[in-house]
Amino acid sequence: MRYGRRVHPALGATAGLLSGALALTVAELAAAAVTGPEAGPVTAVGGAVVDRTPAWLKDFAVRTFGDDDKLVLRLGILALLALAAAALGLTALRRRGAGAAGVLLFGAVGAAAAVGRPDTGGTGALPSVVGAAAGAGALYLLAGRLAPTRGAHTAGGG
């Protein structure tokens with residue numbers, strides 16, 4: 001058994017990153033297959049951010065990044081998602097349910113962003129919901145495999 005063994009935090013962060021990558025992959029595939037790429041969570045959240053950004057900041061982004069402004073926005077979203085996924089992986093080492101709930105919360109944000117977009121239709125939330133469910137399930141399972149067992153210690157290493 002693994003009683004008393006400490007899990008290295010890098011393993012928790014890696015579990016979070018893998019689960020986040022799975023969530024985004026499933027969501028983007030669902031968007032491509034069912035609703036169209038505009039309902040993908042990164043695109044939907046990016047569109048929602050642009051819609052709510054003040055004109056002066058949009059102008060600054062266009063001046064600074066030129067035609068790459070949308071690429072920089074998407075890379076920023078992905079970087080924030082990666083940081084959040086790593087943090088949720090660390091959280092899941094101690095509280096599996098809380099880590100999985102965090103993934104579901106990010107899925108809800110993506111779903112809300114997609115529903116609020118004029119070009120996603122009535123099924124725009126579906127990719128984010130399906131992706132978040134896959135990511136939350138994966139993080140819950142991975143964290144369970146990493147967490148030290150709290151049962152009795154057996155002499156044979158059990």
Answer in debye to the nearest 20: the dipole magnitude of the range 39-149 about its Cα centre, from +1 Lys/Arg and -1 Asp/Glu charges placed on Cβ, is 500 debye
Relative contact order computed over the range 5-158 (Cα-Cα under 8 Å; 6+ residues apart), in percent: 40 percent
With every protein chain in place, what's the accessible area of F106 (1.4 Å probe, Å², nearest 10)? 100 Å²
Build a GNM of the chain with springs between Cα atoms under 10 Å: which of G99, G122, G144 gets the top mean-square fluctuation? G122
For the chain, which whole percent of the accessible surface, found with a 1.4 angstrom probe, sits on carbon and sulfur atoms? 68 percent
Cα→Cβ-extended label distance, 7 Å offset, between A33 and L78, nm: 2.2 nm
For an R0 of 25 angstrom, estimate the FRET efficiency from the Cβ-Cβ distance between A87 and V50 and round to the nearest 0.05. 0.45
With a cap of 12 neighbouring Cβ atoms within 10 Å, and only residues DSSP puts in a loop, list the trypsin sites (Lys or Arg not before Pro) found in the range 1-50. R5, R6
If you roll a 1.4 Å probe over the heavy atoms of the protein chains, what accessible area per residue do you get for the chain, in Å²? 58 Å²
Computed helical MRE - 222 nm, the chain, DSSP H runs ≥ 4 contributing -39500 (n - 2.57), nearest 500: -24000 deg cm²/dmol
What is the range 66-119 by shape, rounded, prolate or oblate, if you read a ≥ b ≥ c off the alpha carbon gyration tensor as root eigenvalues and call it rounded for a/c under 1.5, prolate for a/b larger than b/c, and oblate otherwise? oblate
Using the Karplus equation 6.51 cos²θ - 1.76 cosθ + 1.60 (θ = phi - 60°), what ³J(HN,Hα) coupling, rounded to whole Hz, does each residue of the range 83-98 give in order, writing x for Gly and Pro? 4, 5, 5, 4, 5, 5, x, 5, 4, 5, 4, 9, 9, 4, x, 5
Phi-based couplings in Hz for the range 69-76 (Karplus 6.51, -1.76, 1.60; Gly and Pro marked x): 4, 6, 4, 5, 4, 5, 5, x
Semi-axes of the equivalent ellipsoid of the chain: what are they in whole Å, largest first, if each equals the square root of 5 times a C-alpha gyration tensor eigenvalue? 37, 17, 11
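The values are calculated or read from the model by the stated rules, or taken from the named source; none is laboratory data. All figures in this text were calculated on a predicted structure; none of them were measured in a lab. Cβ coordinates were reconstructed from backbone atoms using ideal geometry, including for glycine residues, and neighbour counts include every protein chain displayed. What goes into the accessible areas is simple: the full protein's heavy atoms, side chains included, and nothing from ligands, DNA or RNA. Shrake-Rupley method; radii C 1.70, N 1.55, O 1.52, S 1.80 Å.
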